[in-house]
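Visitor: One structure follows; several queries about it will come next.
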Amino acid sequence: MRTIEVRGREHVSAHEAVTELNFSGDRAISLGGRFFTVDEAEFRRLESEGLQPTTWQHHQPTGRLISVPGKH
C-alpha cells in the first residue's frame, strides 16, 4: 500500500471541485476516489512521482462535467 499526500483542497464531489475552479486557476483532480483542487505546481509534483490523476473540467459547449481518466 502507498500513502499519497496531496497538497490541495479536498471536496465531496467532482462537481464541487470544478465549481471551485471558477475562483482560481487550479486543477480539479481525483485520486483513489477522492476529489481535490490543486495548483499547477502540485499537479506537476504528483506527475513527477509517477501518478496520473484523473482530471475534471466543465465542457462549455454542452454544460457537462467531463473527466480525462488517469492512471493511479
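Visitor: Which GluC sites (Glu not before Pro) in the range 4-72 sit in a loop by DSSP (not H, G, I, E or B) and have at most 10 other Cβ atoms within 10 Å of their own Cβ?
Guide: On the way: sites: Glu5, Glu10, Glu16, Glu20, Glu40, Glu42, Glu47, Glu49; in loops: Glu5, Glu49.
Taking the range 4-72 and a limit of 10 other Cβ atoms within 10 Å, the loop GluC sites (Glu not before Pro) found are Glu5, Glu49.
Visitor: Still on this structure, I have one more. Quick check: pseudo-label points 7 Å beyond the Cα along Cα→Cβ at Gln57 and Ile4, how many nm apart are they?
Guide: Simple spin-label model gives 2.0 nm for this pair.
Visitor: If you plug each phi of the range 25-31 into the Karplus form 6.51 cos²θ - 1.76 cosθ + 1.60 with θ = phi - 60°, what whole-Hz ³J(HN,Hα) values come out, in order, with x for Gly and Pro?
Guide: x, 6, 10, 9, 9, 9, 9
Visitor: Give me the percent of accessible area attributable to carbon and sulfur for the chain, probe 1.4 angstrom. Before the final figure, lay out the partial values.
Guide: Numbers: 2450 of 4920 Å².
Answer for the chain is 50 percent, counting heavy atoms of protein chains only.
Visitor: I would also like to ask the following. Where in the chain lies the longest segment free of trypsin sites (Lys or Arg not before Pro) that are both loop residues by DSSP (not H, G, I, E, B) and have at most 15 other Cβ atoms within 10 Å?
Guide: On the way: sites that count: Arg2, Arg7.
Answer from the scan: 8-72.
Visitor: Please report, in Å, the Rg and the Dmax of the chain, where both are computed over Cα atoms only.
Guide: 11.7, 40
Visitor: Next question, about the same structure. Would you work out the relative contact order for the chain, in percent, from Cα pairs under 8 angstrom that are 6 or more residues apart? Walk me through the numbers on the way to the answer.
Guide: Details: 117 pairs, mean separation 19.0, N = 72.
Computed over the chain, the figure is 26 percent.
Visitor: I've got another one for you. Do the sum for the chain: with -39,500 (n - 2.57) for every DSSP H run of n ≥ 4, divided by all residues, what is the mean residue ellipticity at 222 nm, to the nearest 500 deg cm²/dmol?
Guide: Working: 2 runs with 16 residues, N = 72.
Taken over the chain, the calculation gives -6000 deg cm²/dmol.
Visitor: Write down the accessible area per residue of the chain in Å², having rolled a 1.4 Å probe over the full set of protein chains.
Guide: Details: 4920 Å² over 72 residues.
Roughly 68 Å² per residue, with all protein chains present.
The values are calculated or read from the model by the stated rules, or taken from the named source; none is laboratory data. Predicted, not measured: the structure shown is a model, and the values here were computed from it. So basically every Cβ, Gly included, is an ideal-geometry build from the backbone, and we count neighbours across all protein chains shown. The protein model used for the area step is the full one, side chains on, heavy atoms only, and it has no ligands, DNA or RNA in it. Shrake-Rupley method; radii C 1.70, N 1.55, O 1.52, S 1.80 Å.
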